[in-house]
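What follows is a short report on a single structure.
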Amino acid sequence: KRTLSAVKGFEYARDKNSSLRLTIAGDIGTPYAKKVLAYINASRHKDVISILGRVSADKKLSLMRSADVILVTSVKEGWGLIVTEANSQGTPAIAFDSDGLRDSITNGKTGLLVPPGDEKALGDGIINLLSNKQSYELMRSNAWQSSKQYTFDNSYLDFVRLAKIF
């Protein structure tokens with residue numbers, strides 16, 4: 001969702017850190033995806049942007065595990081499941097501060113929230129997070145630990161507690 005914003009945020013960050021690479025997974029057959037692909041093809045950083053298309057669930061987890069961060073640029077989510085999935089692999093998220101994402105990210109602890117639509121802030125978030133190894137490793141650990149609370153059993157117990165209230 002809003003992949004073009006993620007690409008632009010990456011470009012800002014890449015201008016400051018030439019070791020960064022971007023990998024994008026997801027459907028590439030939609031009109032929006034074609035717009036994103038055209039943008040990437042003209043990007044000054046096109047040589048370090050990989051487009052994978054749709055990937056298997058196992059490949060998605062492998063990508064999350066090997067990524068330094070995941071960029072989430074949705075304008076609205078019911079819950080940022082992709083954030084929780086990435087956190088379960090020890091990967092923090094940098095995301096737009098929007099409904100659902102602010103619920104799944106503890107800003108500054110398990111990931112970073114930036115103003116919605118602010119691609120430069122997204123890029124600055126990448127640079128700031130990755131420039132301090134100690135803070136980054138702490139955030140990775142916090143993200144991983146946080147993801148452990150989201151289990152079927154815990155969700156069921158929450159449901160039972162809420163059902164008693166109503």
Let me know the shape class of region 1-127, please: from the alpha-carbon gyration tensor, a ≥ b ≥ c as square roots of the eigenvalues, rounded when a/c is under 1.5, otherwise prolate if a/b is greater than b/c, or oblate.
rounded
Of all DSSP beta bridges located in region 1-158, what percent are antiparallel, nearest 5?
0
On a straight-distance basis, which lysines could pair with residue 1 in a cross-link, Cα separation under 24 angstrom, same-chain partners fewer than 8 positions away excluded?
34, 35, 46, 59, 60, 76, 109, 120
Compute the long axis of helix 133-147 from its Cα atoms, compare it with the longest principal axis of the Cα atoms of the chain, and write down the angle in degrees, 0 to 90, nearest 10.
40
The chain, accessible area per residue, ligands and nucleic acids excluded (1.4 Å, Å²):
58
If each K or R counts +1 and each D or E counts -1, the residues other than residue 140 whose Cβ falls under 14 Å of its Cβ total +2
Protein accessible area in region 99-147, 1.4 Å probe - carbon and sulfur %
47
Region 25-64 shape via C-alpha gyration tensor axes, a/c threshold 1.5
oblate
For residue 103, tell me the accessible area in Å² from a 1.4 Å probe, rounded to the nearest 10.
90
Amide H partners (placed H, <5 Å) of residue 72, local residues excluded
94, 95, 96
Using a 1.4 Å probe, how large is the accessible area of residue 109, given in Å² and rounded to the nearest 10?
110
Between the helical axis of 57-66 and the dominant principal axis of the chain, each derived from Cα atoms, what acute angle in degrees is found, rounded to the nearest 10?
70
Please state the shape class of region 65-166: rounded when a/c is under 1.5, otherwise prolate if a/b exceeds b/c and oblate if not, all from the C-alpha gyration tensor.
oblate
For the chain, what does the helix formula give at 222 nm: sum of -39500 (n - 2.57) over DSSP H segments with n ≥ 4, over the residue count, nearest 500 deg cm²/dmol?
-16500 deg cm²/dmol
The helix 119-131 Cα axis meets the longest alpha-carbon principal axis of the chain at an angle in degrees, between 0 and 90 and rounded to 10, of 80
Go ahead and set up a Gaussian network model of the chain, Cα springs under 10 Å, then flag whichever of 69, 114, 36 fluctuates most.
36
Environment charge of residue 36, counting only residues whose C-beta is closer than 14 Å and scoring Lys/Arg +1, Asp/Glu -1
+3
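The values are calculated or read from the model by the stated rules, or taken from the named source; none is laboratory data. These numbers come from a predicted model, not from an experiment. Heads up, the Cβs are rebuilt from the backbone with ideal geometry, glycines too, and the neighbour counts pull from every protein chain shown. To get the accessible areas, we keep the full protein, side chains included, count just its heavy atoms, and leave off ligands, DNA and RNA. Shrake-Rupley method; radii C 1.70, N 1.55, O 1.52, S 1.80 Å.
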